[in-house]
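Structure record follows, encoded as structure tokens.
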Amino acid sequence: MKSGFLPILTARFTLRRLTEQDLDIFARYRGDPEVARYQSWSSYGIEDARRFYESQQGVEFGVVGTWYQIGIADRETDELVGDCALHFLDADQIEIGFTLAREHQGRGIMREAVTALLDAVFAELGKHRVIALTDGRNKRAARLLDSLGFRREGHFVEATFFKGAWGDELLYACLAREWKERRG
């Protein structure tokens, strides 16, 4: 896979590998109960962040079956505000995930970051399809995916036992040709 994939620059942010200097902020926003509400973790501390960071050091970009974590950092200060992840499903398809610190939500940050990431995934990496799964209650994630032109392909009713209760899961997808048409 292309070694020059990162960093990706947007108007306000740099998408880059996570660094050790990010760990305090990473642990803080992931430990926020509101941020963790629709994520796979319930609590998150500095040791969790350190273990996760160390596990990512051995991950080679583009290997099928792996998740590759990408930090979203303020372009001026280099302070981490959130993160995205790419899950390489096969040679042609990727799953995307994203998390944003609560104090940065509602300002178009994730839209800017995911747009830049998708531009690169489709144009530079030549991927055919990107999917995203979200908790059926996560209205913000659903609105973001809708606004980016993702198609809702599935609504799985009470399909996952999550944090002590059965919950719905929404499946979104976007094809390279759809993205290119939308972006002009």
(message) Let me spell it out: the conditions are (1) closer than 24 Å to PHE161 by Cα; (2) buried (at least 18 other Cβ atoms within 10 Å of the Cβ), and TRP41 meets all of them except one. Which number is the exception?
(response) (2)
(message) Exactly one condition in (1) modelled with pLDDT of 95 or more; (2) outside any helix (DSSP H, G or I); (3) surrounded by fewer than 18 Cβ atoms within 10 Å (Cβ to Cβ) is false for THR160; which is it?
(response) (1)
(message) For the stretch 170-184, which positions are closer than 15 Å to ILE96 by Cα and either among the charged types (D, E, K, R) or assigned to a strand (DSSP E or B) (or both)?
(response) LEU170, LEU171, TYR172, ALA173, CYS174, LEU175
(request) Quickly run through the stretch 53-70 and pick out the residues that are outside any loop (DSSP other than H, G, I, E, B) and surrounded by 13 or more Cβ atoms within 10 Å (Cβ to Cβ). (result) TYR53, GLN56, TRP67, TYR68, GLN69, ILE70
(request) Can you work out which of the residues in the stretch 163-184 that are of a type in the set (Gly, Ala, Ser) and under 29 Å from LEU125 (Cα atoms) is surrounded by the fewest Cβ atoms within 10 Å (Cβ to Cβ)? (result) GLY184
(request) Output the qualifying pairs, or none if there are none: Cβ atoms under 6 angstrom, residues six or more apart or on different chains, first residue in the stretch 1-15 and hydroxyl-bearing (Ser, Thr, Tyr), second residue modelled with pLDDT of 90 or more and surrounded by fewer than 16 Cβ atoms within 10 Å (Cβ to Cβ). (result) THR14/PRO7; THR14/ARG75
(request) Please enumerate the residues belonging to the stretch 87-126 that are basic (Lys, Arg) and in a helix (DSSP H, G or I). (result) ARG102, ARG111
(message) Checking the structure you have, find out if any residue of the stretch 138-150 is of a type in the set (A, V, I, L, M), surrounded by 13 or more Cβ atoms within 10 Å (Cβ to Cβ), assigned to a strand (DSSP E or B) and without any contact (Cβ under 8 Å) to a residue 40 or more places away in the chain.
(response) no
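The values are calculated or read from the model by the stated rules, or taken from the named source; none is laboratory data. What you see is a predicted model; the values in this text were computed from it and never measured. Please note: Cβ atoms are built from the backbone with ideal geometry, for glycine as well, and neighbour counts cover all protein chains shown.
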